[in-house]
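**Q** Dropping a structure here in structure tokens format, bear with me for questions.
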Amino acid sequence: MTESKKPASVGEAYLAALLASGVKHVFANGGTDFAPIIEGLVQMKGRGEPAPNFITVPHENVAMAMAQGYSKVSGEASCVMVHVNVGTANTICGLMNAARDNVPVLLAAGRTPLTETGHIGSRDVPIHWAQENFDQNGIVREHVKWDYELRHGQPINTIVSRAIDIAMSEPRGPVYLSLPREALGDDLVDAGPLPRVMPGRTIPAAPALEALEQAADMIARAQMPLIITGRSGTSPGAFEALGALALDHAIAVASGPAPNIASANPMNLGMLSKPLLESADLIVVLDSPVPWVPRNMQPNANAKIIHIGHDPLFHTYPLRGFPMDLVIAGAPGAAIVMLREMLKGKLRDKSAVVDARRARIMEMRAKIDEVRKGLIEKMTSTSPISPIYVAHCLNQVKNEDAIIVEELGAPYPFLDITRSDSFITGASGALGMGIGQALGAKLAAPHRQVISTVGDGSYMFGVPLAAHYVSRAEKLPTLTMVFNNSQWYAVRRATMSMYPDGDAAKQNSLPVVDLAPSPDFEKVAESCGGHGERVEDPAKLIPALERALRKLEDGQQVLFNVITGLRQY
Ligand SMILES: Cc1ncc(C[n+]2csc(CCOP(=O)(O)OP(=O)(O)O)c2C)c(N)n1
Ligand SMILES: [Mg+2]
């Protein structure tokens, strides 16, 4: 008599569906709801069946950060799985960031058992009553593109692949799937058809040709067009394409929180400044939710303004008002390539205008370089160490393709960046993502140097012990540079900006700003097998960095507690 194969549980089928949908790793933080997942993983391993690699991450904030670093570098969707409503609660800062940064994360969470008796998954400990929400998905609904709860008998393949397809379609973003314990523990009825592999998944909509012709005409008529970028660099191919467009047609480019064009490109004028914004008679806002802060600077009243992006109105932002003369929905990468071609014809007879403009932009760039050089020279021997000088030293020692993660750390205008995934930041406001993103980036690119540069406050928000634990357990050696100014300088700066003549502006020590006595941060990494150093002397920074990079090659994580001065950027 042949023994019939034990039917796989829905939990096992869910694991197989993740793998078939392209999910190689799951950043996981478990609880009682994980019983069918753990049983499934062990059974699948026993049968020699492939399953996703579950990485144990002892805090959900780190799991969400790792997922984002992984997706930003690999370009693929990532998956986090957490414990019911409470694990979900701990992911929310990460979820808010993923939503604003358009990162495709499938966040899955168990649900407390929904039955008191009658199922192997029914409630068996008191917290199963305590952990029930009337609407668990409602906790996160404002911050995800789609949410769903698995019910008995449903086709898990269809649900998982739908979740990931929606996360990956532009504008990308997180999705949420809740998985009640009984549903996961059920015998599988029908998983539905296995997801088909679709390279690129949903191909984003291209901008309408007539609209781009109109935009190209407006650019060709302008004396001083300016492209203001937000996160267009994350659109495949857009980073390089923007460099080529700007060079061909002599168009100045300013960037927002992250660079979207190579540092060395002569048309790259760095972060937007008031005089640059005012000098433009035509502005292209390229996938930027906040091209400028109106309270600080305004474009010339006669300047024409074009907005291009997957969702150029940023409908998930409640309040947003910027002048618009032409708004084009569509992939920024495609728009850049098409505009470059269109402008070749439209500017053919205007070479004198283009040449004059090129000279003007290069003059502006030369002035910016001069100011930067002066600042670096001035900061070379200042103590406490200047963040600008740290960036300058990183340029001397890092590989060209190193990944720098920034969270109130190294200012990108002082870093040499040649590709879009070499600089990772978060534009979205919830601190605590830096060190975890570095781990996710390292998982996606094991052969690249990964260096996170984070404020002392940001480091502490990042649940550092959990991050250093994962670094050792998963063999993901990164260099963490804590920019330690012993305070939340951003909070001081906000107080000075709102009350420049107030009493607080006259004080050295402020409530809800100071972080003294500062911890010995280097010892936190040491507790997880890492190498830690306190760096105070600017002259010792480069040798220390060289030492650190050698240790990373040997597989050891490193933390530098860098005693820094205040950020100028
Ligand atoms: C989760 C979260 N809590 C609080 C804040 C408010 N906040 C913004 S910047 C900042 C201080 C950051 O300090 P640090 O990383 O040391 O950088 P510094 O400003 O000192 O350069 C704080 C508390 C936030 N953005 N996110
Ligand atoms: Mg600080």
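**Q** What percent do you get for the relative contact order of the chain when only Cα pairs under 8 Å and 6+ apart count?
**A** Result for the chain is 14 percent.
**Q** Going highest first, how would you order 95-102, 424-431 by mean Cβ packing within 10 Å?
**A** Those peptides, ordered most packed to least, come out 95-102, 424-431.
**Q** Another one. Run the accessible area of the chain with a 1.4 Å probe and give the carbon-and-sulfur part as a rounded percent.
**A** Ligands and nucleic acids excluded, carbon and sulfur reach 56 percent.
**Q** P(r) of the stretch 319-421 in 5 Å steps, Cα pairs, percent per bin?
**A** The calculated distribution, bin by bin, is 2, 9, 11, 13, 13, 16, 14, 12, 7, 2, 0.
**Q** Then there's this: If packing is taken as the average number of other Cβ atoms within 10 Å across a peptide's residues, how do 116-126, 172-182, 130-140 rank, most packed first?
**A** Per-residue Cβ counts within 10 Å, averaged per peptide and sorted highest first, yield 172-182, 130-140, 116-126.
**Q** Another question, if that's okay. Roughly speaking, what is the stretch gain from residue 39 to residue 115, that is 0.36 nm per residue apart minus the C-alpha to C-alpha distance, in nm to one decimal?
**A** 25.3 nm
**Q** For the chain, report the % of Cα-Cα distances exceeding 46 Å.
**A** 19 percent
**Q** Accessible area per residue for the chain in Å², computed with a 1.4 Å probe and the full protein assembly in place, what is it?
**A** That works out to 43 Å² per residue.
**Q** Can you pull out the GluC sites (Glu not before Pro) in the stretch 387-428 whose DSSP state is coil and whose Cβ has at most 14 other Cβ atoms within 10 Å?
**A** Sites meeting the loop and neighbour criteria: 400.
The values are calculated or read from the model by the stated rules, or taken from the named source; none is laboratory data. Just so we're clear, the structure is a prediction, and the values are computed from it rather than from any experiment. In this analysis, Cβ positions are derived from the backbone assuming ideal geometry, glycine residues included, and neighbour counts consider all displayed protein chains. These area figures cover heavy atoms from the full protein model, side chains too; ligands, DNA and RNA do not enter into them. Shrake-Rupley method; radii C 1.70, N 1.55, O 1.52, S 1.80 Å.
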